[in-house]
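For reference, the structure is listed below as structure tokens.
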Amino acid sequence: MERAEAYGFSGAVSGAFLLSCLLFAAVSRRQRGPYMDEVFHVPQAQAYCQGRFLQWDPMITTLPGLYLLSVGVVKPAAWLLGWTGSVVCSVGMLRFINLLFSAGNFYLLYLLLLKIHQKNKAVSGFQRILSSLTLATFPTLYFFTFLYYTDPGSVFFTLFAYLMCLYGNHKTSALLGFCGFMFRQTNIVWTVFCAGNVVAEKLNEAWKTELQKKKDEKISSKKGSFSDLTRILQFLVKYLISPKNLVKLTALTWPYIVLVTVFFAFVFINGGIVVGDRSSHEACLHFPQLFYFLSFTVFFSFPHLLTPTKIRKFLLSLRKHPVQYGIITVISLFLIWKFTYVHKYLLADNRHYTFYVWRKVFQRHELVKYVLVPFYVFAGWTFADTLKSKSIFWILMYFVCLLAVTVPQKLLEFRYFILPFLIYRLNIPFPSIYRQLLELGFYIIVNAVTFYLFLNRTFQWENSDEIQRFMW
């Protein structure tokens, strides 16, 4: 890192942290007590603070990583600073843990951008800092910086694991992946993603060697064609059934294999992936979740994905391959018809944005969900088009992980999209500074509106005296 870039990055982190502290103070003043899921998380952490590690709230569905780390941070800090009584493990103190995670996520995002795009010498230090700042203020993640939720810590350990994987420190990556798993069980998918990075790199090397042997330049230049995909799949099968190759890949990825084995042992012993209350967290094949994620990504990355150039390229592709797009459309319609699920929380809880998205859009008419298919097809195309700089094996591996982390979820919940979105956004080529500034400006506006609604537009339910607030 050059000195000017180091100073710029330090200034950006310090400024963002100061503004976050001011916003943290405002949130803490307006909402002093636990809110929403904090009603479960805060008492559980406070029980751990008091040494009652066998106490467990059956309504909590995640493992105790957040509470264990909180105790590990707050207790030594309280001892050093002489804090006693209700200050230790208070709601504000516990929430502050996520403010620290937020600063850590900023730094990790910067390091990941630096590592992933290290070969691109055209990218300036200012662009890296700007992209890091933008992703650190990603609205769905940034909001939960100020509440005691698992999301900031879950993102921190997953991004840290990804960074260590990229640097080849696979044992450290697997250990950090385990920490991420302790925050949210579905993070095991991103452990598989880290292992997949290693496998994709080796596959890509072998594929290039295969092309060189055959001197078939047309294959590499038509990476998106159907015939090329068939050849790649044939190569993939041939490579993976080779015992020699399997031994080599196992030697490289064994730390991840150990962690995935531990995960399956946990699922077997626990009787499922969810701990605590399972009645509202049943796995299903909810394929439209992929369409919701693509729409979510286009919304938050519209400066990169929803441009006149992209639309023209899509229409040209549509004209050249009408049969393929017709098949994709029919499959999409079928998946929406047979696999759309509506969770009871989505219909009942009017504190979440998803409640209004569903009511204002999808519940307007039974046919709306089908009418949106052309947009989903475009969203999928533009999403994949921005990843074309990655190897075909990386893309296949990412999409498998994306399906694994979104499709089994019955509830439409924007928080489930945070990690797949960030990993996608980290790996697309750097856009122009103008588009980055537009993206940052949009995130600032969305955050400002969200916090204004949360802090000032409170309401009450008919059968409750508690103050309710709008949130993600």
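Observations
- Count of the range 40-55 residues which are over 24 Å from the mean Cα position of the chain (by Cα) and open to solvent by 30 Å² or more (accessible area, probe 1.4 Å): 8
Rundown of residues vs (1) on the phi > 0 side of the Ramachandran plot; (2) touching a residue at least 60 places away in the same chain (Cβ under 8 Å); (3) surrounded by 14 or more Cβ atoms within 10 Å (Cβ to Cβ), yes/no style:
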site: Ile433; (1), (2), (3): no, yes, no
site: Leu438; (1), (2), (3): no, yes, yes
site: Phe442; (1), (2), (3): no, yes, yes
site: Val449; (1), (2), (3): no, no, no
site: Gln460; (1), (2), (3): no, no, no
site: Asn463; (1), (2), (3): no, no, no
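- Taking (1) small (Gly, Ala, Ser); (2) on the phi > 0 side of the Ramachandran plot; (3) open to solvent by less than 50 Å² (accessible area, probe 1.4 Å) in turn, Gly326 satisfies each apart from (2).
- All of Val361, Val368 fail the test of being closer than 22 Å to Ser301 by Cα, surrounded by fewer than 19 Cβ atoms within 10 Å (Cβ to Cβ) and without any contact (Cβ under 8 Å) to a residue 24 or more places away in the chain, apart from Val361.
- Remark: pairs (first residue in the range 239-255, under 16 Å from Asn169 (Cβ atoms); second residue at pLDDT 95 or above and of a type in the set (S, T, N, Q); Cβ separation under 8 Å; 6+ apart in sequence or on different chains) = Pro255/Ser173.
Residue-by-condition table, conditions (1) in contact with a helix residue (DSSP H, G or I) (Cβ under 6 Å, 6 or more places away or on another chain); (2) farther than 21 Å from Phe157 by Cβ; (3) not basic (Lys, Arg):
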| position | (1), (2), (3) |
| --- | --- |
| Ala4 | no, yes, yes |
| Ala12 | yes, yes, yes |
| Leu22 | no, yes, yes |
| Gln46 | no, yes, yes |
| Gln50 | no, yes, yes |
| Leu68 | no, no, yes |
| Ala77 | no, no, yes |
| Thr84 | no, yes, yes |
| Arg95 | no, no, no |
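- Picking from residues in the range 343-356 that are without any contact (Cβ under 8 Å) to a residue 24 or more places away in the chain and among the aliphatic types (A, V, I, L, M), the one that is surrounded by the fewest Cβ atoms within 10 Å (Cβ to Cβ) is Ala348.
- Selection within the range 97-128 - surrounded by 21 or more Cβ atoms within 10 Å (Cβ to Cβ) and either modelled with pLDDT under 95 or over 27 Å from Val42 (Cα atoms) (or both): Leu109, Tyr110, Leu112, Leu113, Arg128
- Residue check for Leu249: of a type outside the set (Val, Ile, Thr) and in a helix (DSSP H, G or I): yes
- Unique residue being part of a helix (DSSP H, G or I), touching a residue at least 60 places away in the same chain (Cβ under 8 Å), small (Gly, Ala, Ser) and surrounded by 12 or more Cβ atoms within 10 Å (Cβ to Cβ) when the list is Ser332, Ser280, Ser317: Ser317
The values are calculated or read from the model by the stated rules, or taken from the named source; none is laboratory data. These figures come from a predicted structure and were not determined experimentally. Cβ sites come from the backbone with ideal geometry, for glycine too, and all protein chains shown count toward neighbours. Protein only, heavy atoms only, side chains kept; ligands, DNA and RNA dropped before computing areas. Shrake-Rupley method; radii C 1.70, N 1.55, O 1.52, S 1.80 Å.
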